Amino acid sequence: MAAKQEAPLHALAAYLPAGTSEEVMPFILEYKVHLTITRERQSILGDYRHPYDGSGHRISINGNLNPYAFLITLLHEIAHLVTWVKYANRVAAHGKEWKHEFAEILRHIIGRGFMPTDVEAAIMAGIHSPAASSCADENLMRVLRRYDPQKVNHFFVEQLPEGAIFKTKDGRIFRKGARIRKRFRCEEIATKRVYLFSPVYEVEAAEA
């Protein structure tokens, strides 16, 4: 289980691009959000939990994200909160109502010098129909990775040549195969089972 720690509100600025904590704090304070910073989670960057059985609004964000990815993920979850306040569970989690709220929040941030121009351009390219997660927006993932700390021998799957051997974060070894539509067909060496990988899934190159 990922370790969690409640984020002191004054410490939130350390995770965000300069000047943006003042933009998100009104949401945190108005809705009394219980904000938690977690260690890296494999399948999600953040999540929102609506009030239930006496608990308030809860948001958790992976603490290993670079500041721009952290901000976008936090705004994504705040959009869920605002959508819940307006519609409760009467609308789809990533339906048109959430997309509208997320786009409106992003428009308030973009163009004010908080983020690099390439990040803003990637956001604007998908702002009319935001992806259900930052991970699902491949173009945005490629751009955000430029601002991650450099890790030796780590690549997106799409950057490796066909036939290359790579290791996933859980230590499993795969051989990269051909691209099938939007994903790459990769064979696990130990089991010969085939899995489909996102082009922007980060892996570590390994020796055969």
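Taking R0 as 35 Å, what's the FRET efficiency between Tyr52 and Glu207 from their Cβ-Cβ distance, rounded to 0.05? Numbers along the way, then the final one.
Working: r = 49 Å, r/R0 = 1.39.
Using R0 = 35 Å, I get an efficiency of 0.10.
Please give the length that would be gained between Glu188 and Ser129 if that part of the chain were fully extended, namely 0.36 nm times their separation in residues minus their C-alpha to C-alpha distance (nm, one decimal).
On the way: separation 59, 0.36 × 59 = 21.24 nm, distance 3.45 nm.
Length gained between Glu188 and Ser129: 17.8 nm.
Give me the distance in nm between label points sitting 7 Å out from Cα along the Cα-to-Cβ direction at Glu158 and Lys32, one decimal.
According to this spin-label approximation, the distance is 4.4 nm.
Mind checking the dipole of the chain: about its Cα centre, +1 per Lys or Arg Cβ, -1 per Asp or Glu Cβ, Debye to the nearest 20?
On the way: 28 positive and 24 negative charges, 147 e Å.
Charge dipole, the chain, about its Cα centre: 700 debye, nearest 20.
May I ask you to list the chymotrypsin sites (Phe, Trp or Tyr not before Pro) in region 28-89 that are in a DSSP loop and have at most 13 other Cβ atoms within 10 Å of their Cβ?
Details: sites: Tyr31, Tyr48, Tyr52, Tyr68, Phe70, Trp84, Tyr87; in loops: Tyr31, Tyr52.
Answer in residue order: Tyr52.
Report the trypsin sites (Lys or Arg not before Pro) located in region 115-208 that are in a DSSP loop and have at most 12 other Cβ atoms inside 10 Å of their Cβ, or state none. Present the calculation step by step, with values, prior to reporting the outcome.
Details: sites: Arg142, Arg145, Arg146, Lys151, Lys167, Lys169, Arg172, Arg175, Lys176, Arg179, Arg181, Lys182, Arg183, Arg185, Lys192, Arg193; in loops: Arg146, Lys151, Lys169, Arg172, Arg181, Lys182, Lys192, Arg193.
Counting only loop positions with at most 12 other Cβ atoms within 10 Å, the trypsin sites (Lys or Arg not before Pro) in region 115-208 are Arg146, Lys151, Lys169, Arg181, Lys182, Lys192, Arg193.
Which of the following values of Cα extents along the principal axes in Å was calculated from the structure shown: (1) 75, 33, 30; (2) 54, 40, 33; (3) 56, 32, 31?
(2)
Mind checking the dipole of region 94-162: about its Cα centre, +1 per Lys or Arg Cβ, -1 per Asp or Glu Cβ, Debye to the nearest 20? Please report the intermediate quantities before stating the final value.
Details: 8 positive and 10 negative charges, 37 e Å.
The dipole magnitude comes to about 180 debye.
Rank the residues Asp137, Asp53, Asp118 as a footprinting-exposure proxy: fewest other Cβ atoms within 10 Å of their Cβ go first.
Details: Asp137 20, Asp53 4, Asp118 14.
Exposure proxy ranking, most exposed first: Asp53, Asp118, Asp137.
For Ser60, Ser129, what's the fewest-to-most ordering of other Cβ within 10 Å of each Cβ?
Values: Ser60 23, Ser129 8.
So the ranking, lowest neighbour count to highest, is Ser129, Ser60.
Which longest run of the chain has no exposed loop site in it, a site being GluC sites (Glu not before Pro) in a DSSP loop with at most 15 other beta carbons within 10 Å, and the site itself not part of the run?
Values: sites that count: Glu40, Glu162, Glu207.
Longest site-free region, per DSSP loop and neighbour criteria: 41-161.
What relative contact order, as a whole-number percentage, does the chain give when Cα pairs under 8 Å and 6 or more residues apart are counted? Kindly include the intermediate steps, with their values, before the conclusion.
On the way: 293 pairs, mean separation 28.2, N = 208.
So the answer I get is 14 percent.
Subtracting the Cα-Cα distance from 0.36 nm times the residue separation, let me have the gained length for Asn139 to Arg41 in nm, one decimal.
On the way: separation 98, 0.36 × 98 = 35.28 nm, distance 2.08 nm.
Value of the extension gain: 33.2 nm.
Can you list the lysines whose alpha carbon sits under 21 Å from that of Lys167, skipping same-chain ones fewer than 8 residues off?
Those lysines meeting the cut-off are Lys151, Lys176, Lys182, Lys192.
Taking Cα centroids, how far is region 52-67 from region 173-198 in Å?
If you average the Cα positions of each part, the centres end up 33 Å apart.
FYI, it's all coordinate maths here, none of it is from the lab. Predicted model, so just to flag it, every value in this text is computed and none were measured. Cβ coordinates were reconstructed from backbone atoms using ideal geometry, including for glycine residues, and neighbour counts include every protein chain displayed.
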